[in-house]
Amino acid sequence: MATQKMLKFVTVGKEMPEKRDAASRAQDFHEIYREYADRKAAEQASRCSQCGVPYCQSHCPLHNNIPDWLKMTAEGRLQEAYEISQATNTFPEICGRICPQDRLCEGNCVIEQSGHGTVTIGAVEKYITDTAWEEGWVKPIRPHVERPESVGIIGAGPGGLAAADMLRRQGVQVTVYDRYDRAGGLLTYGIPGFKLEKDVVERRNAQLADGGVNFVLNCNVGEDISFDAIRGRHDAVLIATGVYKARDIEAPGVGAKGIVKALDYLTVSNRKGFGDDVPEFESGELNAAGKRVVVIGGGDTAMDCVRTAIRQGALSVKCLYRRDRANMPGSQREVANAEEEGVEFVWLSAPKGFTGGTEVEGVIVQKMRLGPADATGRQTPEVIEGADYVEPADLVIQALGFEPEDLPTLWGVPELKVTRWGTIKADFRTHATSLPGVYAAGDIVRGASLVVWAIRDGREAAEAILSYLAQTGAVAAE
Ligand SMILES: Cc1cc2nc3c(=O)[nH]c(=O)nc-3n(C[C@H](O)[C@H](O)[C@H](O)COP(=O)(O)OP(=O)(O)OC[C@H]3O[C@@H](n4cnc5c(N)ncnc54)[C@H](O)[C@@H]3O)c2cc1C
Ligand code: SF4
């Protein structure tokens with residue numbers, strides 16, 4: 001029989017350490033974390049083989065000079081790494097957090113391609129800029145000269161804000177109009193805080209305001225002020241309003257209580273995170289706690305909904321998608337994260353209707369199979385007859401994507417040309433629209449896309465606006 005040892009902890013010749021306050025414990029934790037993060041970033045950065053064919057760079061929409069900032073990080077030259085990184089990206093710490101890197105830079109890393117696991121480019125990018133903020137390397141916006149020209153930007157999302165930053169650094173007078181009460185667009189009210197901490201976005205908003213960008217919030221253009229009035233006030237205008245018209249399910253029972261839109265659900269959750277008073281959350285209407293939740297859709301918005309529902313304490317969370325895992329539009333990394341957190345994916349399933357009366361009780365699910373490919377080469381889902389079943393649900397979240405609002409009608413400007421999808425027609429390079437002095441950037445041109453593309457568009461549009469202002473020499477009367 002093994003001898004049992006009595007272990008007794010005693011302090012010999014030593015005084016018991018003083019009970020330490022929370023602030024000093026937090027400081028210690030911070031230092032330990034920093035040391036770990038420093039080591040981890042350098043370790044990852046040094047895995048870059050400096051391959052000479054930087055597919056990572058060519059697959060980053062901003063063409064970030066990734067190999068160079070990885071090299072600097074590996075050598076501990078972090079301030080230089082930051083300078084290189086911020087030269088091409090207005091919000092590197094945001095992209096580092098929420099770009100779908102598996103589809104962009106990291107998915108094309110040569111080391112990943114050779115089966116050894118990608119360099120974690122996004123995490124290093126985030127680390128570099130977070131360090132820059134901590135160390136005070138992020139410079140305030142202080143233009144060398146103040147210029148008389150003014151630009152009005154409609155929409156304070158990443159597209160509008162990237163343009164505001166570039167224009168303000170050149171001394172242009174910039175006013176950003178937004179219908180929300182906070183700037184940031186979907187960075188603030190769409191993307192959940194567990195993916196993108198809101199203080200990271202607020203820090204950038206504050207930097208722009210401190211640099212002289214004038215924000216006019218709670219201002220819905222087309223309602224509180226006309227588009228024409230904005231054109232009259234400014235020498236040039238950038239439209240960066242994003243896409244917000246949710247695609248609806250057309251099925252019997254869809255109007256029942258408990259069937260909600262993804263962005264309404266996520267906005268309420270984000271508002272709650274800000275500490276706002278949110279009656280729809282308190283009443284349970286847009287709160288998943290204790291409920292059987294079914295999310296319909298297979299894109300990134302659906303992934304954000306399922307993961308938010310889990311965090312709110314849902315009883316169960318299921319995600320219905322009409323194609324299979326390999327053919328879903330959302331990031332595979334996000335699916336893996338969601339599965340780890342307890343979300344169940346029900347592939348090849350689509351809603352046929354809803355049970356219950358005024359309140360939803362379940363989703364009638366029809367099973368699908370993938371048929372022949374359509375003109376785009378994508379297999380079309382087909383219904384398997386007789387395989388329907390009812391999935392019980394207390395909260396159903398529709399996450400089927402977004403379309404643009406009809407801006408020419410809403411704003412009374414039929415001359416503003418749009419595509420057949422309703423997105424604004426803008427020059428591919430200059431982002432100029434059909435109206436002189438009016439530019440457009442981000443989702444309102446591309447359709448629902450990514451933050452990194454909105455940043456690129458905003459930066460390019462700002463360059464084009466600067467050329468336009470130089471050519472016309474126009475100054476609007478304020
Ligand atoms: C739930 C969700 C999660 C996402 N997650 C990711 C992600 O993880 N990674 C990623 O890269 N992308 C993600 N995206 C996509 C990304 O958020 C968008 O592509 C990006 O925000 C587009 O930027 P934008 O500046 O064009 O528009 P937006 O960010 O939509 O900003 C547009 C702004 O214009 C304002 N506006 C609109 N109309 C008016 C008007 N008439 N008057 C005044 N203001 C107006 C809006 O209030 C808003 O603030 C996500 C999208 C959603 C919906
Ligand atoms: S901006 Fe996005 S795609 Fe480009 S390097 Fe950073 S994380 Fe990768």
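The values are calculated or read from the model by the stated rules, or taken from the named source; none is laboratory data. The structure presented is a predicted model; accordingly, all values stated were derived computationally and were not measured. Positions of Cβ are generated from backbone atoms using ideal geometry, with glycine treated the same way; all protein chains shown enter the neighbour counts. In case anyone asks, the SASA skips ligands and DNA or RNA and just uses the protein heavy atoms, side chains included. Shrake-Rupley method; radii C 1.70, N 1.55, O 1.52, S 1.80 Å.
Normalised radius of gyration (Cα atoms, divided by 2.2 N^0.38 Å) for segment 35-109: 1.03. Derived scalar couplings between HN and Hα for segment 67-82 equal x, 5, 6, 5, 4, 4, 5, 4, 8, x, 9, 5, 5, 5, 4, 5 Hz in order, rounded to whole Hz, by the Karplus curve 6.51 cos²θ - 1.76 cosθ + 1.60 (θ = phi - 60°), x for Gly and Pro. Once you sort the root eigenvalues of the Cα gyration tensor of segment 397-449 as a ≥ b ≥ c, which label holds: rounded (a/c under 1.5), prolate (a/b larger than b/c) or oblate (the other case)? Oblate, because a/c is 1.5 or more while a/b does not exceed b/c.
The distance separating the Cα centre of segment 71-146 from that of segment 162-196 comes to 20 Å. For the chain, the solvent-accessible area with a 1.4 angstrom probe is 49 square angstrom per residue. Summing charges over neighbours of Asp264, with a neighbour being any other residue whose Cβ is under 10 Å away from its Cβ, gives -1 when K and R count +1 and D and E count -1.
Every Cα-Cα pair in segment 343-404 was counted, and those over 13 Å apart are 70% of them. With both residues required to sit in the chain, DSSP beta bridges show an antiparallel share near 35%.
Working from the Cα coordinates of segment 195-258, the gyration tensor eigenvalues give, after taking √(5λ), semi-axes of 32, 22, 10 Å in decreasing order. Projected label points at Val145 and Glu223, each 7 Å from Cα along the beta carbon direction, are separated by 4.2 nanometres. With a 1.4 Å probe rolled over the protein heavy atoms of all chains, the accessible area of Glu112, Glu415 falls in the order Glu415, Glu112, largest first.
Peptides 331-342, 315-326, 133-144 ranked from most to least packed by the mean count of surrounding Cβ atoms within 10 Å: 315-326, 331-342, 133-144. Only protein atoms count toward the accessible area here, which uses a 1.4 Å probe; on the chain, the carbon and sulfur part of that area reaches 52 percent. Dividing the Cα radius of gyration of segment 94-217 by its Kirkwood radius returns 1.05 for Rg/Rh. A simple spin-label model places the labels of Ala326 and Ile32 4.5 nm from each other, with each point 7 Å out along Cα-to-Cβ. Calculated FRET efficiency, Ala206 to Ala251, Cβ-Cβ distance, R0 = 51 Å: about 0.70 to the nearest 0.05. Partner aspartates and glutamates whose Cα lies under 16 Å from the Cα of Lys245, excluding those fewer than 8 positions away in the same chain, are identified as Asp264, Glu403, Glu405, Asp406, Asp443. Convex hull volume per residue, computed on the Cα atoms of segment 312-456, equals 190 Å³. If you take the square roots of the eigenvalues of the alpha-carbon gyration tensor of segment 236-293 and sort them as a ≥ b ≥ c, do you get rounded (a/c under 1.5), prolate (a/b over b/c) or oblate? Because a/c hits 1.5 or more and a/b fails to exceed b/c, segment 236-293 counts as oblate. In segment 270-331, inverting the average of 1/r over every pair of distinct C-alpha atoms gives 12.6 Å as the Kirkwood radius.
Let me know the shape class of segment 148-233, please: from the alpha-carbon gyration tensor, a ≥ b ≥ c as square roots of the eigenvalues, rounded when a/c is under 1.5, otherwise prolate if a/b is greater than b/c, or oblate. It is oblate, given that a/c is not under 1.5 and a/b is not larger than b/c. In plain terms, the bigger the Kirkwood radius, the slower the diffusion; for the chain, with that radius from Cα pairs, at 20 °C and 1.002 mPa s, Stokes-Einstein puts D at 86 µm²/s.
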